[in-house]
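Peer 1: What follows is a single structure, and I will ask about it in a moment.
The values are calculated or read from the model by the stated rules, or taken from the named source; none is laboratory data. Given the structure is predicted, the values throughout are model-derived calculations rather than measurements. Cβ placement follows ideal geometry from the backbone for every residue including glycine, while neighbour counts extend to all protein chains displayed. Note: areas computed on protein heavy atoms with side chains; ligands, DNA, RNA excluded. Shrake-Rupley method; radii C 1.70, N 1.55, O 1.52, S 1.80 Å.
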Amino acid sequence: MMSSNFLPQTLFMVPRCSAQCQPRKLALSALSLRRPGLVVARPFGFNFAEKDKKLSFLVSAETNPEAEAVVEESQENVDSVESEEAEVDKPPFKPRIKLGDIMGILNKKAIEASDSERPIPDLRTGDVVEIKLEVPENRRRLSIYKGIVISKQNAGIHTTIRIRRIIAGVGVEIVFPVYSPNIKEIKVLKHRKVRRARLYYLRDKLPRLSTFK
Amino acid sequence: MSIASLSATIPTSKRFSSSTPSSSFLLRLPLKRFSSLSLNASPSKPPPISASMEAGIGLMATKLGMMSYFDTTGQVIPVTIVGFREGNIVTQVKTKATDGYDAVQVGYRRIRDRKLTKPELGHLEKSGIIPLRHLQEFRLQSVEGFEPNQRLSLGELFKEGDLVDVSGTTIGKGFQGGIKRHNFKRGLMTHGSKSHRQLGSIGAGTTPGRVYPGKKMPGRMGGSKTKIRKLKVVKIDNELNVVMIKGAVPGKPGNLLRITPAKIVGKNIPQK
């Protein structure tokens with residue numbers, strides 16, 4: 001795909017008149033038709049020779065919209081040849097990571113790492129779940145907690161769910177970090193239809209609504 | 001780098017005498033991991049160490065945010081994510097001969113050269129360095145092994161499990177009263193009390209007949225430099241060039257931080 005070789009930034013360089021123009025497929029042709037003088041992005045290690053060739057192609061596409069299809073084909077051929085040369089010479093271009101994205105990237109990586117070891121099912125408020133927890137002190141057996149999910153707080157790696165259950169006549173709510181390495185298994189047993197994201201009203205209701213055998 | 005190696009490993013050649021009656025605040029802290037060092041004072045008198053000296057070369061960084069980190073036992077550790085912009089380049093090395101004290105000046109955060117004044121640009125161009133926004137000095141005991149235009153790397157200076165001191169500008173709170181600013185206690189809210197959040201008495205009577213200077217009163221709070229000591233480095237991520245530090249650090253995300261190896265009694269004791 002030719003867009004993979006192009007500057008990643010250009011895919012996000014939305015032309016100024018984008019609101020009025022009809023949005024076409026997000027490809028080179030869309031940019032070439034709208035913006036005759038394409039904004040040159042700030043260079044950081046990008047291969048300038050490649051870019052100039054593409055700019056010249058853009059100008060020709062602008063003047064001759066009917067022959068756009070022909071131009072695109074030729075561009076693809078040129079790009080494939082260029083890409084082979086580039087990969088032979090050096091590793092593929094990695095865009096510089098912005099400092100503002102690092103928090104999101106770290107959270108995502110941590111969640112992916114946790115998911116690869118132990119996949120977490122899709123949890124929603126109102127699910128009746130059973131959680132197997134390993135307590136570091138007594139490593140021999142796993143503690144089992146059952147109950148209804150009354151709230152789910154999304155916070156990246158520290159996403160937590162609140163489980164409510166009546167244990168020995170006493171209502172008990174426990175908060176579990178979903179991606180903790182101590183949680184060995186989460187199994188969704190049932191789902192109760194609820195019309196709310198947080199079921200705090202169960203605290204005032206009859207105990208039998210929070211009882212799970 | 002000799003300095004980096006000294007600060008990164010437990011120093012075995014540091015000399016300190018056990019009989020210092022100095023009243024410096026550092027001595028009141030208990031000896032931590034260096035209690036196994038021998039207490040024999042070295043024959044030569046060690047150079048005087050001032051309180052403004054660092055235990056080792058540090059880095060400047062940017063606070064990115066906070067998140068939770070699950071360690072191997074499953075404990076949740078609140079960590080601050082600290083990132084590094086392009087910078088941490090030695091801009092100038094000051095020696096006792098030229099400037100009267102030993103220090104390493106480090107620059108941080110590359111910017112457009114149009115944003116710096118000509119004197120600032122000239123200072124950096126003298127050593128052929130890119131334009132940098134912030135310059136800070138790290139005053140060290142010995143400045144061996146540092147040259148201008150030397151890049152300081154995170155992996156050489158800090159390892160996981162190190163203790164660091166982080167200093168930065170705190171969040172500004174504006175003009176605040178005694179309760180928030182100095183942890184004063186409120187007055188009664190009921191029972192006929194007319195004073196709830198006021199200062200109360202600010203002095204004695206006819207003697208001394210004045211208010212002491214330095215009396216804690218309302219004023220501007222925050223927006224000043226503080227140092228948080230002995231924070232543990234939980235993890236270092238080399239691809240993202242990021243450090244995870246346990247606990248909180250001053251400022252909001254985007255704040256400039258100064259990270260130095262922690263000054264612990266075992267490593268340097270000021271001589272008086």
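Peer 1: Measure off 7 Å from each Cα along the Cα-to-Cβ vector at A:I97 and A:I111, then give the distance between these two points in nanometres to one decimal.
Peer 2: My value for the distance between the label points is 1.7 nm.
Peer 1: Moving on to the next point. In whole Å, what is the distance between the alpha-carbon centres of the stretch A:95-128 and the stretch B:129-167?
Peer 2: Using only Cα atoms, the two centres lie 33 Å from each other.
Peer 1: Amide H neighbours of B:Q150 under 5 Å, counting only residues 5+ apart in sequence or on other chains, H built in-plane at 1.01 Å?
Peer 2: Distant-sequence amide H within range of B:Q150: B:V90.
Peer 1: Also, quick follow-up: What residues in the stretch A:124-139 lose 10 Å² or more of accessible surface when the other protein chains are added to their chain alone (1.4 Å probe)?
Peer 2: Listed in order, they are A:P136.
Peer 1: Enter the accessible area per residue of the stretch A:166-211 (Å², integer; probe 1.4 Å; all protein chains in place).
Peer 2: Value returned for the stretch A:166-211: 69 Å² of accessible area per residue.
Peer 1: Let me ask something additional. Could you check the spin-label model distance between B:Q176 and B:E144? Points 7 Å from the Cα along Cα→Cβ, value in nm.
Peer 2: Modelled inter-label distance: 4.6 nm.
Peer 1: Also, I was wondering about something else. Answer with one residue from B:G205, B:P148, B:G192: the one whose Cα lies farthest towards the positive end of the charge dipole of the stretch B:119-272, charges on Cβ with Lys, Arg +1 and Asp, Glu -1.
Peer 2: B:G192
Peer 1: Quick one: work out Rg over Rh on the C-alpha atoms of the stretch B:127-179, Rh as Kirkwood radius.
Peer 2: That ratio equals 1.11.
Peer 1: How big is the charge dipole of the stretch A:82-213 about its Cα centre, in debye rounded to the nearest 20, if each Lys and Arg gets +1 on its Cβ and each Asp and Glu gets -1 on its Cβ?
Peer 2: 1460 debye
Peer 1: If you don't mind, there's one more thing I want to ask. Rounded to the nearest Å, what's the spacing between the alpha carbon centres of the stretch A:139-213 and the stretch B:198-272? Just the number, please.
Peer 2: Between the Cα centre of the stretch A:139-213 and that of the stretch B:198-272, the gap is 41 Å.
Peer 1: A further question on this structure: Under a straight-distance cross-link criterion of Cα-Cα below 20 Å, which lysines are reachable from B:K216, leaving out those fewer than 8 residues away in the same chain?
Peer 2: Of all the lysines, those that pass the test against B:K216 - Cα under 20 Å, at least 8 places apart if same chain - are B:K173, B:K180, B:K185, B:K225.
Peer 1: Work out from phi, with θ = phi - 60° and the Karplus expression 6.51 cos²θ - 1.76 cosθ + 1.60, the ³J(HN,Hα) of each residue of the stretch B:71-78, listed in order in whole Hz, and give x for Gly and Pro.
Peer 2: 7, 5, 7, x, 6, 8, 10, x
Peer 1: Next question, about the same structure. Under the definition of Cα pairs under 8 Å and six or more residues apart, what whole-number percent is the relative contact order of the stretch A:148-213?
Peer 2: Value for the stretch A:148-213: 33 percent.
Peer 1: Then there is this: Using a 1.4 Å probe and counting only protein heavy atoms, how much accessible surface gets buried when A and B come together, both sides summed, in Å² to the nearest 100?
Peer 2: 1400 Å²
Peer 1: Leaving out ligands, DNA and RNA but keeping every protein chain, what accessible area does B:M221 have, in Å² rounded to the nearest 10, with a 1.4 Å probe?
Peer 2: My reading of the accessible area for B:M221 is about 40 Å².
Peer 1: Would you kindly derive the ³J(HN,Hα) couplings of the stretch B:61-70 from the backbone phi angles with the Karplus curve 6.51 cos²θ - 1.76 cosθ + 1.60 (θ = phi - 60°), listing them in order in whole Hz, with x for Gly and Pro?
Peer 2: In residue order, the calculated couplings are 8, 10, 6, 9, x, 10, 7, 9, 10, 8 Hz.
Peer 1: Something else now. According to a simple spin-label model (label point 7 Å from Cα along Cα-to-Cβ), what is the distance in nm between A:K132 and B:N183?
Peer 2: Distance between the two pseudo-spin positions: 4.7 nm.
Peer 1: Mind listing, in residue-number order, the residues in the stretch A:152-166 that have at least 50 Å² less accessible area with every protein chain present than in their own chain alone (1.4 Å probe)?
Peer 2: In the stretch A:152-166, residues shielded by partner chains: A:I157, A:H158.
Peer 1: Rounded to whole Hz and in sequence order, give me ³J(HN,Hα) for the stretch B:176-185 from the Karplus expression 6.51 cos²θ - 1.76 cosθ + 1.60, θ = phi - 60°, writing x for Gly and Pro.
Peer 2: 10, x, x, 5, 6, 7, 10, 6, 5, 9
Peer 1: Then there's this: Counting only residues 5 or more places away or on other chains, whose amide H sits under 5 Å from the amide H of A:T159 once H atoms are built in the peptide plane?
Peer 2: For A:T159, the qualifying residues are A:V178, A:Y179.
Peer 1: List the equivalent ellipsoid semi-axes of the stretch B:91-221 in whole Å, largest first, each obtained as the square root of 5λ for an eigenvalue λ of the Cα gyration tensor.
Peer 2: 49, 19, 18
Peer 1: While we're on this one: Exceeding 27 Å between C-alpha atoms, which entries from my cross-link table qualify? They are A:K132/A:K190; A:K152/A:K190; A:K98/B:K267; B:K232/B:K252; B:K215/B:K267.
Peer 2: Going by Cα-Cα distance, A:K98/B:K267; B:K215/B:K267 fall outside the 27 Å limit.
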